[in-house]
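Novice: First the structure, which I've put down as structure tokens, then a few questions once you've had a look.
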């Protein structure tokens, strides 16, 4: 139990008591409402904790099987799906996207390789044609718009976060190669074999265990606060690439992150729902060489390819330096990131995080329902506190 009285449930190896203490501190000092944190080490789950509530009113406790929207942390699972197809010899990451998706060969994209979709170098973070409210709930509509879209920079010359388009771009490649939607692939080929909960699109039968995502309280560095960041300033200009990338389609009433329509759709850049156990298990498998308790996601060579640095430089959308592998984000040198230098994974807007550190044999997962305003440009102490505690426990 924390000083504030929050009950911490689950299991924690005594070696990782610092992680439990850090988790409790998030509730006592950082406004946590409901959350889960998990660690896998050398193929075994050593931390699996959850606490708090699934709603703002604190009427519904966060349970072992509670899941929550993790926004862009979803991208890591989508990237993994692409790597799995490549590892099976079904997808060539160096070949043109049009080789598997012929309609993509429009507007100068005939030779654009699959790898640029994964590294955010494709020049497709925005859609120029006018889209109606609710278009993001329509897979065919979004895919068709991306087929017609011309790159806004020469592919391969810049990197810029494909905030929302990433999921449809990579997801459609997965669908063309495998015949399954990305949601079905992640569920059937990743989550179910590993015995974890991670869903991209689901029916009302799951709603009873989904935590409400709670909007961020204003934090220093957020839009509208007394201090600002380059990202916040760019987001405040509706004509900027940054704002257009984040606000890809007009909002329609009732389609917010907790709505049934949003949960039902597949928006694989950001509407995956899971918990820390799922993230730590998936990334724990990658940290352990690609397998988990007899089930192999990737070969060891494929894990090395997934985690190999591809880009390092200024991101045109995030307005800060970003280091990427094929589909994953990596710590930027000299940034103060507590993770190992070759860790790879993905954060999500509001605070969630999953990553693998093969050098340490570590898989990490954190998922919460209270969003933090300035996550994408730093400032959220919660995941950072947990990561530092995890690495301190390894010493």
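The values are calculated or read from the model by the stated rules, or taken from the named source; none is laboratory data. Every value quoted in this text rests on a predicted model; they were computed, and no experiment measured them. Positions of Cβ are generated from backbone atoms using ideal geometry, with glycine treated the same way; all protein chains shown enter the neighbour counts.
Novice: What are the residue pairs meeting all of these: first residue in region 3-31, first residue closer than 22 Å to residue 394 by Cα, second residue at pLDDT below 95 and outside any helix (DSSP H, G or I), Cβ atoms under 6 Å, and 6 or more apart or on different chains?
Specialist: 24/2
Novice: Determine which single condition residue 128 fails, assuming it passes every other condition in (1) under 18 Å from residue 250 (Cβ atoms); (2) touching a strand residue (DSSP E or B) at 6+ places or on another chain (Cβ under 8 Å).
Specialist: (2)
Novice: Got at least one residue in region 74-89 being touching a residue at least 40 places away in the same chain (Cβ under 8 Å), within 20 Å of residue 186 (Cα to Cα) and assigned to a loop (DSSP other than H, G, I, E, B)?
Specialist: No, that holds for no residue.
Novice: Still on this model: Identify all residues within region 360-395 that are in contact with a helix residue (DSSP H, G or I) (Cβ under 8 Å, 6 or more places away or on another chain), part of a loop (DSSP other than H, G, I, E, B) and surrounded by 24 or more Cβ atoms within 10 Å (Cβ to Cβ); write none if there are none.
Specialist: Matches in region 360-395: none.
Novice: Still on this structure: State whether one or more residues within region 132-139 are in contact with a strand residue (DSSP E or B) (Cβ under 9 Å, 6 or more places away or on another chain) and surrounded by fewer than 20 Cβ atoms within 10 Å (Cβ to Cβ).
Specialist: Within region 132-139, not a single residue is in contact with a strand residue (DSSP E or B) (Cβ under 9 Å, 6 or more places away or on another chain) and surrounded by fewer than 20 Cβ atoms within 10 Å (Cβ to Cβ).
Novice: Testing residue 309 on (1) in contact with a strand residue (DSSP E or B) (Cβ under 8 Å, 6 or more places away or on another chain); (2) buried (at least 17 other Cβ atoms within 10 Å of the Cβ), one condition comes back false. Which one is that?
Specialist: All conditions are met except number (2).
Novice: When only residues in region 340-359 that are in contact with a helix residue (DSSP H, G or I) (Cβ under 6 Å, 6 or more places away or on another chain) and in a loop (DSSP other than H, G, I, E, B) count, which is farthest from residue 67 (Cα to Cα)?
Specialist: Ranking the candidates gives 358 first.
Novice: Would region 100-114 turn up any residue that is within 30 Å of residue 280 (Cα to Cα) and within 18 Å of the chain's Cα centre (by Cα)?
Specialist: no
Novice: Moving on to the next point. With respect to residue 35, determine if the residue is touching a residue at least 12 places away in the same chain (Cβ under 8 Å), under 15 Å from residue 394 (Cβ atoms) and buried (at least 16 other Cβ atoms within 10 Å of the Cβ). Can you show your working first?
Specialist: Values: touching a residue at least 12 places away in the same chain (Cβ under 8 Å): yes; under 15 Å from residue 394 (Cβ atoms): no; buried (at least 16 other Cβ atoms within 10 Å of the Cβ): yes.
In short, no.
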